[in-house]
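Colleague: Below you'll find the structure I mean.
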Amino acid sequence: MSEMSFEDMLNESFKTIRTGEVVTGKVIDVKPDYIIVNIGYKSDGIITRNDYSADSSLDLTAEVKPGDEIEAKVRKVNDGEGLVSLSHRDVISEKSNQRIKEAFENKELITGKVDRVVNGGLSVIFEGVRIFIPASLVSDMFERDLSKYAGTDIEFVITEFNPQKHRIIGDRKHLILERKAAAKEALLATIKEGDVIDGTVKNITDFGAFVDLGGADGLLHISEMSWGRTENPKKVYKPGQELRVMIKEINGDKIALTRKFPDENPWVLALTKYAVGNIVRGRVARLADFGAFVNLEPGIDALLHVSQISSERVEKPSDVLKVGDEIVAKVTELNAADKKISLSIKALNAPEHEHKEAPKEEDVVSVYTDSDDEEIVEEVVETAAEETEETSDAE
C-alpha cells in the first residue's frame with residue numbers, strides 16, 4: 001500500500017462539502033461588503049453583502065464581528081478565487097419564506113423596511129426577504145412621488161405568495177381603507193350636529209374645503225366659511241392648516257361643516273348698530289342695475305337703491321359708484337329677521353337735516369373691514385334720531 005502524501009493527509013482532515021449544503025462556520029474577517037468564514041474546509045468561505053441580505057445598503061461590519069457563528073448555504077465550492085461561495089441570505093430566506101407563508105395564510109399584519117423606491121412601487125425587506133408593493137397598493141390615494149417612503153417602516157399584508165417565481169406581493173392600501181372605515185364609524189358614533197371640533201384642512205376646491213376630522217372628512221362649503229363673503233377658498237385656507245369647525249349637518253356618512261359660529265353672528269347686535277336712523281359707513285361690495293350692495297361688516301350687506309344714491313337722478317349706480325368706494329349713508333329700513341338693511345345717501349340731505357351740518361366722523365357707525373377682511377373697525381355712536389332729539393331739546 002502506497003503511503004499518503006502530506007497534502008493528501010491534510011485534505012483528508014478537512015470535511016467534504018457539496019453545493020446546496022447548509023454549513024455552520026466561524027467569522028474570521030469582516031469588511032463592509034463581504035465576510036470571510038472558516039467552515040472547516042480546505043478553503044474558507046466568502047459571503048458577499050448581496051448574499052448576506054437583500055438590503056443593498058447594509059454595512060456588514062455593523063451586523064457581524066469576528067468570532068460569530070453563522071449559517072450559510074454552499075453556492076459554489078470554488079468561486080474562481082479559491083474560496084467557497086456562501087449565502088447566508090438563502091438560509092434566512094428559507095426560514096423567512098415559511099414565516100411569510102404563515103402571514104399570508106393568516107392575513108397577518110407585518111412590518112417591513114422600505115429598501116428602495118423602484119419603478120412602479122416599493123421594495124420592502126421583511127426578515128431578509130424582498131417583498132414588492134405596487135404603487136397602486138401603497139396608499140388609498142394616487143401618489144406620483146413615492147420617495148417619501150424610502151427608508152421608512154411600513155405596515156402591510158401579503159396578498160400573493162409564490163416563492164418559486166420570486167413573487168411576493170404586499171398590500172398597504174386596503175389596510176388603510178379598513179382603518180379609515182373603522183375610524184369613520186367611531187367618529188360618527190360620537191359627534192352630533194352643533195358640536196365644535198378641531199380638524200385639519202385636507203384639500204381645497206373652488207367650492208369649499210375638505211377637513212379631516214380624525215376619522216372622516218367633512219365639507220366646509222364656501223358659503224359656510226365665515227359670516228362674511230368668501231371669494232376664493234384657496235386664498236383663505238391651505239392644506240395642513242388646523243381649523244376649528246362646527247358640525248352643521250350629518251347625512252348618513254356625509255358631514256357638512258360651518259365656521260359661522262352663533263356667538264360670532266353679526267346680526268345679533270344689528271338691532272342696535274343698524275337701527276333705523278343710524279348713520280353708517282360701509283364699502284361698496286357689488287353693483288347691480290337697481291342699486292349697490294354695501295358691506296357694513298363681515299356678514300352684513302345693505303342695499304343702497306339707485307333712487308337713494310343722490311338727490312339728483314342717477315341712471316345707473318356704476319355712473320357714480322365703483323366697487324371699493326367708501327360711502328356714508330342713513331339706515332332707512334331694518335328687517336333683522338330677513339337680514340335686510342336699506343340705506344340712503346339721499347336721506348342725509350333731506351329737508352329735516354338741512355339745518356344741520358354734515359355728519360361728523362365721530363357720529364358715524366363704522367363697522368366694516370378692509371378688502372382683506374384682516375381688521376374689523378367698530379365704532380357705535382348715538383343714532384341720528386337720538387341726535388335730532390337732543391338738538392330739538394337744546395333749541
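The values are calculated or read from the model by the stated rules, or taken from the named source; none is laboratory data. Owing to the predicted nature of the structure, the values given are computational and were not obtained by experimental measurement. Because the Cβ atoms are built from the backbone with ideal geometry, glycine has one as well, and the counts that use them run over all protein chains shown. When the accessible area is computed, the model is the full protein with side chains, heavy atoms only, and any ligands, DNA or RNA have been set aside. Shrake-Rupley method; radii C 1.70, N 1.55, O 1.52, S 1.80 Å.
Colleague: Applying 1/(1 + (r/R0)^6) with R0 = 25 Å to the Cβ-Cβ distance of Ile327 and Asn265, what FRET efficiency is obtained, to the nearest 0.05?
Modeller: It comes out at approximately 0.55.
Colleague: Checking the cross-link filter: which lysines have an alpha carbon closer than 29 Å to that of Lys107, excluding same-chain neighbours under 8 positions apart?
Modeller: Cα-Cα hits under 29 Å: Lys95, Lys148, Lys165, Lys173, Lys180, Lys184.
Colleague: May I pose another question? Rolling a 1.4 angstrom probe over the protein heavy atoms, how many square angstrom per residue are accessible across segment 106-265?
Modeller: Accessible area per residue, segment 106-265: 57 Å².
Colleague: Here's a follow-up. Are there trypsin sites (Lys or Arg not before Pro) in segment 166-208 that DSSP marks as loop and that have at most 16 other Cβ atoms within 10 Å, and which are they?
Modeller: Passing both the DSSP loop test and the Cβ count: Lys192.
Colleague: Quick one: order Arg229, Arg49, Arg75 from most to least accessible surface, probe 1.4 Å.
Modeller: Per-residue accessible area, sorted high to low, gives Arg229, Arg75, Arg49.
Colleague: What residues have an amide H closer than 5 Å to that of Gly170, excluding those fewer than 5 places away on the same chain, when H is modeled at 1.01 Å from N in the peptide plane?
Modeller: Result for Gly170 returns Phe132, Ile133, Thr159.
Colleague: What is the Cα radius of gyration of segment 27-110 over 2.2 N^0.38 Å, N being its residue count?
Modeller: 1.23
Colleague: Here's a follow-up. Evaluate E = 1/(1 + (r/R0)^6) for Asn162 and Gln241, where r is the Cβ-Cβ distance and R0 equals 30 Å; express this FRET efficiency to the nearest 0.05.
Modeller: For Asn162 and Gln241, the calculated efficiency is 0.05.
Colleague: Let me check the size of segment 43-162 from its C-alpha atoms; what are the radius of gyration and Dmax in Å?
Modeller: 16.6, 54
Colleague: Using the alpha-carbon centroid of each, what span in Å lies between segment 211-228 and segment 123-144?
Modeller: 33
Colleague: Something else now. Using a cut-off of 12 Å between beta-carbons, work out the net charge of the residues near Thr19 (Lys and Arg +1, Asp and Glu -1, Thr19 not included).
Modeller: +1
Colleague: Continuing with the same structure: On alpha-carbon atoms, Rg over Rh for segment 222-333 using Kirkwood Rh?
Modeller: 1.07
Colleague: I would also like to ask the following. Based on alpha-carbon positions alone, could you give the equivalent ellipsoid semi-axes of segment 91-151 from the gyration tensor, as √(5λ), descending, whole Å?
Modeller: The three semi-axes for segment 91-151 are 23, 13, 8 Å.
Colleague: Next question. For Lys65 and Thr24, calculate 0.36 nm times their separation in residues minus their Cα-Cα distance, and state this gained length in nm to one decimal.
Modeller: 13.2 nm
Colleague: Quick one: with all protein chains in place, what share of the accessible area of segment 27-95 is carbon or sulfur, to the nearest percent (1.4 Å probe)?
Modeller: Ligands and nucleic acids excluded, carbon and sulfur reach 42 percent.
Colleague: With viscosity set to 0.890 mPa s and temperature to 25 °C, compute the Stokes-Einstein D of segment 93-251, Rh being the Kirkwood radius across alpha carbon pairs; µm²/s, no decimals.
Modeller: 135
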